[in-house]
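Colleague: Sharing a structure, written as structure tokens. Questions coming.
Each value in this text was obtained by applying a stated rule to the coordinates, not by laboratory testing. Since we're looking at a predicted model, the values are computed, not measured. Backbone-built Cβ (ideal geometry, glycine too); neighbour counts: all protein chains shown.
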């Protein structure tokens, strides 16, 4: 039950990260709705990766959403494998 909830939360976060990344192209102001909501949900996940690979070091391209999505996908697959093996 807990693993299923975590899998759904990870899926939700992945979608929110993609939406925030897409919104950043058309609405760069993080104080305006709906970007304010997506940014508030994704910033705590993305900030540590932005310190490791700052967008200024990669020509202004922020790769932190890609890295976080890869990690979330790996975590989701691991949780699903645990779920399958225990059922």
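Colleague: In segment 42-87, which residues are in contact (Cβ under 8 Å) with a residue 24 or more places away in the chain and under 9 Å from the mean Cα position of the chain (by Cα)?
Modeller: 42, 45, 46, 65, 68, 69, 72
Every residue, every condition in (1) surrounded by 13 or more Cβ atoms within 10 Å (Cβ to Cβ); (2) not in a helix (DSSP H, G or I), yes or no:
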{"residue": "23", "(1), (2)": "yes, no"}
{"residue": "32", "(1), (2)": "no, yes"}
{"residue": "39", "(1), (2)": "yes, no"}
{"residue": "47", "(1), (2)": "no, no"}
{"residue": "62", "(1), (2)": "yes, yes"}
{"residue": "79", "(1), (2)": "yes, no"}
{"residue": "83", "(1), (2)": "yes, no"}
